[in-house]
Every structure is written in C-alpha cells, then in structure tokens.
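Below: the structure, in structure tokens.
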Amino acid sequence: MSAAPASPTASPATSPTASTAVQEAFLKAFHAEHPAVTADAFVAGRSPDGRSSYRILSDRVAGARRVLDLGCGDGVLLDLLARTEERRLAGVDLSPEALALARRRPSLRTTALAQARAQRLPFADGAFDACVCHMALMLMGDVDRVAAEIARVLSPGSTLACVVGGGAVGGEAYELFSGLLRAAVERAPAEQRIPPLGDRRTRSREGLGAILEPAGFCAPDRETVPIDLSGPVEQVWAALSGIYDVGPLDPAAVSRLRESFVREAAGLAGPDGRVPCGFTVHVVTARLR
Ligand SMILES: C[S@@+](CC[C@H](N)C(=O)[O-])C[C@H]1O[C@@H](n2cnc3c(N)ncnc32)[C@H](O)[C@@H]1O
C-alpha cells in the first residue's frame, strides 16, 4: 500500500528559461492529446532477461520506502512500485491529462500526485529515499536545476534511477522508422517540427556526470540495455509512431509515413510475421552523497 509523503513544501520560485518554456508548452500540448503514449509503447517491451524497462527501474529501488517518480506520466511505474507494502509514493508531471489517468489507478489512491515541474518540486527537503524517472530526464530543460531539486528532496545515501533513451538496434524496424521519419520531417514545413527537447548531456555518461555530480551525487553508473519491441507490424507502428516528432506532422504526412513503414517493414518480418524492433535504453543510477 502506498501513502502520501509528509506535507509538501515548494522550493524557492524559479522561472523557466525561454527555451525551456517552449519545450514544456510543447510537451504539455502533446501529452494532452497522448497522455499514455510512453506506457503504451514500453509496457510490453522486454530486456534480454525478460523485464520491462519499468521493472528494471523498480528493481533498482527495491529497498526504498519513500519513492518519487519524476515525469510519472499515466502512473504505470508507480503502479509497479505500489506493489511493495508500506511504501510512500509520489509522482509529478507537467501533464494534467496524464496525471488524471494516474489518479484513476486504484493502486495509487493514496499516492501524492502533483502537477509540477521537476525544476521546482513541491516536496520538503529529504522527503524521499529514492527517485525514479522513466524516459523523462532527457526531455527536461534547465536540467542542472532538476538535478539540484532531486538532490534536495532525497535524503543522503538515496538512489536516483533513470531510464533515458538510447537509439536503434541496427537493421531492425526502429532504424527503418527513424530514417523514414527524418525524411518526413525534412519535407515538412517548419511549424510541423518539434522544438529541441532537453539537454544533450543526458545522452552520455560524462554528460550525466557533469549534471549530477555538482548536485551532490556520486559518479553515475550507466548500463545500456536493448528493449525488444518486436511484434506484428501494426503493433510496432503503434509503438514507434507515438514518438514526439510525429505529433505535429499533418495527417497526410503521417499517412505516407505509415504506408512506407508498413511496406518496408514487411521485408524485415520473420516467418511468424513478427517484425524485429529493438530500442536501446540507458539505465542510469547514482547515489546521493
Ligand atoms: C516520455 S513521457 C514518460 C512518462 C512516464 N515516465 C512513462 O515512462 O510512461 C515524459 C513525461 O515527462 C513529463 N515531463 C517532461 N518534462 C517535465 C518536467 N520538467 N517536469 C515534470 N514532468 C515533465 C512529460 O509531461 C511526460 O509525461
């Protein structure tokens, strides 16, 4: 059973930079239309040892009693975390629509779910023993501020465990999709392109260290894990087409992208009709000093 953390207190006010405000406005508008898109794509994905990327994160914080999910979306990871007895859980997200889905989960009825920015967390200092973050840290602007906020709300010795996006497994459907998408975006008018999201430093171990260590974390560990999203072509399309860049494209462009993908992916399918689709993620863990 989960329970709300001790009375939330906000950190001092900080305004987003102009570029971060643009990014967050895009993310809010996108998730208003697609509040569960990440969970829909990743919940069935499996690592070589048979775990989902959500399960990998929940295993990384197995001993923690007070856990915060940063960018919790529709609450799929919190739902897994709530299976541990006597846990106090909290989740924050920019998207009210995603949070509304999280609030509908019976397992989260006592979880503190707040519409808040990771750059300004509405929790007291030292309120948590662990923070998890699935496919969200790499989207966040002002990420040094995010790291400082995570460090503030964790108690010393706590664990931060994040899954950040990696890339394609060569020769499979995600690589095919990425090439077709790139061409579609290049053909599209500027207003159908997404703003640059997040901070490039989250893409490398060194960059993550440069973000996390000044905030008080030990050098982060980063493990690269392939996630298998293979399946019938329509299932793979459904998973991949939830990517942010597809959102602003006009319906005709999306329809052309889908047709090209379905046609070319058929050539990758095995005798069972399944299209191989691998996507690597980086599992990042760091301990607060
Ligand atoms: C790719 S989705 C992942 C959702 C969820 N963690 C999952 O994996 O199913 C990224 C989420 O992070 C949230 N997000 C992005 N930047 C944020 C910020 N600065 N503060 C709070 N939430 C943020 C978005 O609103 C979105 O719900």
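Determine the share of segment 12-64's accessible area contributed by carbon and sulfur atoms, expressed in whole percent, with a 1.4 angstrom probe.
Here carbon and sulfur together make up 57 percent of the probe-accessible area.
Mind ranking 268-280, 58-70 by how tightly packed they are, going by the mean number of other C-beta atoms within 10 angstrom, highest first?
Output ranking for 268-280, 58-70: 58-70, 268-280.
Given a 1.4 angstrom probe, I'd like the percentage of the accessible area of segment 242-289 that is carbon and sulfur, rounded to a whole number.
Accessible surface attributable to carbon and sulfur in segment 242-289 totals 54 percent.
Can you work out the accessible area per residue across segment 130-271, with the rest of the protein chains kept in place, probe 1.4 Å, in square angstrom?
On a per-residue basis, segment 130-271 sits at 43 Å².
Per residue, how much accessible area does segment 18-59 have with a 1.4 Å probe, in Å²?
Solvent-accessible surface per residue comes out at 46 Å².
Identify unpaired cysteines across the chain, taking unpaired to mean no other cysteine Cβ lies under 4.7 Å from the residue's Cβ.
So, CYS72, CYS131, CYS218, CYS277.
How would you order 127-139, 155-167, 88-100 from highest to lowest mean count of nearby Cβ atoms within 10 Å?
127-139, 88-100, 155-167
Figure the gain on full extension for GLU206 and GLU264 (residue separation times 0.36 nm, minus the Cα-Cα span) and round it to one decimal in nm.
My answer for the length gained is 17.2 nm.
Only bridges with both residues in segment 77-178 count here: give the DSSP antiparallel percent, nearest 5.
0 percent
Normalised radius of gyration for the chain, please: alpha carbon Rg relative to 2.2 N^0.38 Å, two decimal places.
After normalising by residue count via 2.2 N^0.38 Å, the value is 0.99.
Using helices alone, what [θ] at 222 nm do you get for the chain, with -39,500 (n - 2.57) per DSSP H run of 4 or more residues, divided over all residues and rounded to the nearest 500?
-10500 deg cm²/dmol
Restricting to the chain, compute how many DSSP beta bridges are antiparallel as a %, nearest 5.
The antiparallel proportion sits near 50 percent.
Using only the Cα atoms of segment 170-289, build the gyration tensor, take square roots of its eigenvalues as a ≥ b ≥ c, and label the shape rounded, prolate or oblate: rounded if a/c is under 1.5, else prolate if a/b is larger than b/c, else oblate.
Verdict is oblate for segment 170-289.
Rounded to a whole number, what % of the accessible area of segment 67-130 do carbon and sulfur atoms account for, probe 1.4 Å?
Carbon plus sulfur share of accessible area: 47 percent.
With each label point set 7 Å from Cα along the Cα-Cβ vector, what nm distance links ARG104 and ARG55?
Here the modelled spin labels are 2.5 nm apart.
The values are calculated or read from the model by the stated rules, or taken from the named source; none is laboratory data. Computed from a predicted structure; not experimentally measured. Reconstructed Cβ throughout: ideal geometry from the backbone, glycine too, with neighbour counts over all protein chains shown. To get the accessible areas, we keep the full protein, side chains included, count just its heavy atoms, and leave off ligands, DNA and RNA. Shrake-Rupley method; radii C 1.70, N 1.55, O 1.52, S 1.80 Å.
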